[in-house]
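Undergrad: The structure's right below; bear with me while I get my questions together.
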Amino acid sequence: MNKLCSSLLLNTAIGLVAPATTMAAGSISICSVSGCSETASPWGWSRYADTRYPIVLAHGMAGFSRVGPLDYWYQIPQDLARNGADVFITQVASFESSEVRGEQLLRQVEDILAITGADRVNLIGHSHGSHSIRYVAGVAPDLVASATAIGGPNTGSPVADLVDDLRTSEVGDALELGPVLSSVLNGFFGLVGLLSGEAYEQDALAGLASLTTEGAADFNARFPAGMPALNDPCGQGAAETNGVRYYSWSGTRTLTNVADVSDYALSLTSLAFNGEANDGLVGRCSSHLGTVIRDNYRMNHLDEVNQMIGLTYLFETNPKSVFRVHANRLKQAGL
């Protein structure tokens, strides 16, 4: 009798565990202008994030897809794939104008659609990546189901204004700050691109110009979809334009984890905002695009993508959970 009971208990346990460990997971692929390659897929946990269309991640300025063990979207793609999402991590130039980066992303979106057979994609862009996804949604709305901006400098950043003013000042001219910055950043991030499997031309000054208040205003005049009205800059934009759903979220706390050295740098750059709530690089109102999910997470600019290496605020929702819930939001919307 004891053996029979043990056998029944064992079979029951196996029956409970097996579906969780054998459930089909989503997938993770890394893309560039030269194509996409699928990485090892994690174990499937659920279908919670199983969106109708693939999720395409677009990194920000100074970003990359993956360099060795370093992942720009730290553990986020893995979490989404475990919960059923097909995730494509794109790579564009770390430093370039919004338009050049947008064209690079567009070519990868076209490749992703050809690979998957999907009709459209769900674009998610962080920081300068918000301009990239807005560009693609603007020039090819028929390829985009949704565009989500995370910590996006949609009306520019005072930090970019400050650096640009310094570069063009008498002191900046005397020190040849522009050429020095351009040379150092272009060279370093050209190397980063090579290490992550891509060789893009870099243009730090073009990237900087795109994120100034003036540069962002010029971009917004050509790609206004999802932007709040000019007379209500801290409001919400249109939830849907040309068949594309627009969403955004951001944070407003700079010092979130004393063990994260990047927090101290972001606390310093936050001084450029003169008291406006910000994440260290982007103001709260500047982050607004389409439906604003939340604009005051206790996260800084890097926490928003679970950096550095997951050192975020202990008493705030984990960034991975924010992405996972958003994927389910897209799923429930039929996207």
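Please treat every number below as a calculation from the coordinates, not as lab data. Treat the numbers as computed from the prediction; the structure is a model and nothing was measured. Cβ coordinates were reconstructed from backbone atoms using ideal geometry, including for glycine residues, and neighbour counts include every protein chain displayed.
Undergrad: Can you bin the stretch 24-163 into rounded, prolate or oblate? Criterion: square roots of the alpha carbon gyration tensor eigenvalues sorted a ≥ b ≥ c, rounded for a/c under 1.5, prolate for a/b above b/c, oblate for the rest. Before the final figure, lay out the partial values.
TA: Values: a/c = 1.77, a/b = 1.45, b/c = 1.22.
Verdict is prolate for the stretch 24-163.
Undergrad: While we're looking at this one, here's another question. Could you list the trypsin sites (Lys or Arg not before Pro) in the stretch 85-167 that lie in coil according to DSSP, counting only those with at most 11 other Cβ atoms within 10 Å of their Cβ? Kindly include the intermediate steps, with their values, before the conclusion.
TA: Numbers: sites: R101, R107, R120, R134, R167; in loops: R120.
Listed in order of number, the matching sites amount to none.
Undergrad: A follow-up question, please. 7 Å from Cα along Cα→Cβ at both C234 and Y264: what's the point-to-point distance in nm?
TA: 3.2
Undergrad: Dividing the alpha-carbon radius of gyration of the stretch 232-334 by 2.2 N^0.38 Å (N being the number of residues), what value is obtained?
TA: Scaled against compact globular proteins, the figure is 1.13.
Undergrad: When the Karplus curve 6.51 cos²θ - 1.76 cosθ + 1.60 is applied with θ = phi - 60°, which whole-Hz ³J(HN,Hα) does each residue of the stretch 244-253 get, with x for Gly and Pro?
TA: 9, 7, 10, 9, 7, 7, 6, x, 9, 10
Undergrad: Given P228, G215, N328, which one lies farthest toward the positive end of the charge dipole of the stretch 199-331, if we put +1 on the Cβ of every Lys and Arg and -1 on the Cβ of every Asp and Glu?
TA: So the residue we want is N328.
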